[in-house]
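A quick write-up on the structure given underneath.
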Amino acid sequence: MKNRIIKIVGIMLVMVLLGTGTAFASDTLPLKVDNSKREEDYIQPRSLYLATAISEITNKGNGTLGMYADFTAHSSVKWAKLTIKLERSKSISSTSWTHIKTYTYEFDEADEPDGKLIFAYAEFEDSGFATDYYYRLTCEHKVKTPSGSYETKTTRTDGVLLTPYPDFRNIGENN
């Protein structure tokens, strides 16, 4: 039995030694390949100015929705705009959403105390909506860069069921 184990270990050792080798790096330069793509044909991996974009919708109850949207820029931008579209559906799994209302907020660097527009938000409530429907937001976050070009991100919330009572109630609290 001892000889058999020694043979197996010996064979494994030989296989390990035979499997290793030395790799040598080449000192030749790779061939130059001309590329016909122009610089503007490349897709940027991320925005150069827009860092984050957030939108949120909450059920406040009694036909009232709470809405929030913001953006943060990597560096100061000249102008920004939040276009918030409210949509409604009878069920959350529906592929058909109906546009209800649009809210637009614009921001300018001249309105900022330090003249730098890096962050802006819109937070508000709106009421008078039918209950027992799902509502969601589709928001366009748009900024104008110092060079005059525009960057845009779009966010969309999940649907929230608007109830005749607030979403979060204390125990024992009635409508």
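Could you check, for the stretch 146-153, whether at least one of its residues is among the polar types (S, T, N, Q), farther than 19 Å from ARG88 by Cα and either touching a strand residue (DSSP E or B) at 6+ places or on another chain (Cβ under 8 Å) or open to solvent by 60 Å² or more (accessible area, probe 1.4 Å) (or both)? Walk me through it before giving the result.
Within the stretch 146-153, the first condition is being among the polar types (S, T, N, Q), and the residues that meet it are 147, 149, 152.
Applying the additional criterion that residues be farther than 19 Å from ARG88 by Cα yields 147, 149, 152.
Checking the rest, the ones that are also either touching a strand residue (DSSP E or B) at 6+ places or on another chain (Cβ under 8 Å) or open to solvent by 60 Å² or more (accessible area, probe 1.4 Å) (or both) come to 147, 152.
Yes; the residues of the stretch 146-153 include at least one that is among the polar types (S, T, N, Q), farther than 19 Å from ARG88 by Cα and either touching a strand residue (DSSP E or B) at 6+ places or on another chain (Cβ under 8 Å) or open to solvent by 60 Å² or more (accessible area, probe 1.4 Å) (or both).
Mind listing whichever residues of the stretch 51-103 are open to solvent by 60 Å² or more (accessible area, probe 1.4 Å), in contact with a helix residue (DSSP H, G or I) (Cβ under 8 Å, 6 or more places away or on another chain) and of a type in the set (Val, Ile, Thr)?
Answer for the stretch 51-103, where residues must be open to solvent by 60 Å² or more (accessible area, probe 1.4 Å), in contact with a helix residue (DSSP H, G or I) (Cβ under 8 Å, 6 or more places away or on another chain) and of a type in the set (Val, Ile, Thr): there is none.
Cβ contacts < 7 Å: first residue hydrophobic (A, V, I, L, M, F, W, C), restricted to the stretch 64-89; second residue crowded, with 19+ Cβ neighbours inside 10 Å and not in a strand (DSSP E or B), any location; separation 6+ or different chain. Result?
ALA73/TYR49; VAL77/TYR49
Residues are listed down the side, and each one gets a yes or a no for (1) closer than 15 Å to TYR49 by Cα; (2) at pLDDT below 95; (3) loosely packed, with under 12 Cβ neighbours inside 10 Å:
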site: TYR105; (1), (2), (3): no, no, no
site: GLU109; (1), (2), (3): yes, yes, no
site: GLY115; (1), (2), (3): no, yes, yes
site: GLU123; (1), (2), (3): no, no, yes
site: ASP132; (1), (2), (3): no, yes, yes
site: LEU137; (1), (2), (3): no, no, no
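So SER47 ticks every box in (1) surrounded by fewer than 15 Cβ atoms within 10 Å (Cβ to Cβ); (2) among the hydroxyl-bearing types (Ser, Thr, Tyr); (3) within 16 Å of the chain's Cα centre (by Cα); (4) modelled with pLDDT under 90 but one. Which box is left unticked?
(1)
The values are calculated or read from the model by the stated rules, or taken from the named source; none is laboratory data. Note that the coordinates shown come from a computational prediction; the quantities given were computed from them, not determined experimentally. Don't worry about glycine lacking a Cβ; one is built from the backbone with ideal geometry, like all the others, and counts go over all protein chains shown. The protein model used for the area step is the full one, side chains on, heavy atoms only, and it has no ligands, DNA or RNA in it. Shrake-Rupley method; radii C 1.70, N 1.55, O 1.52, S 1.80 Å.
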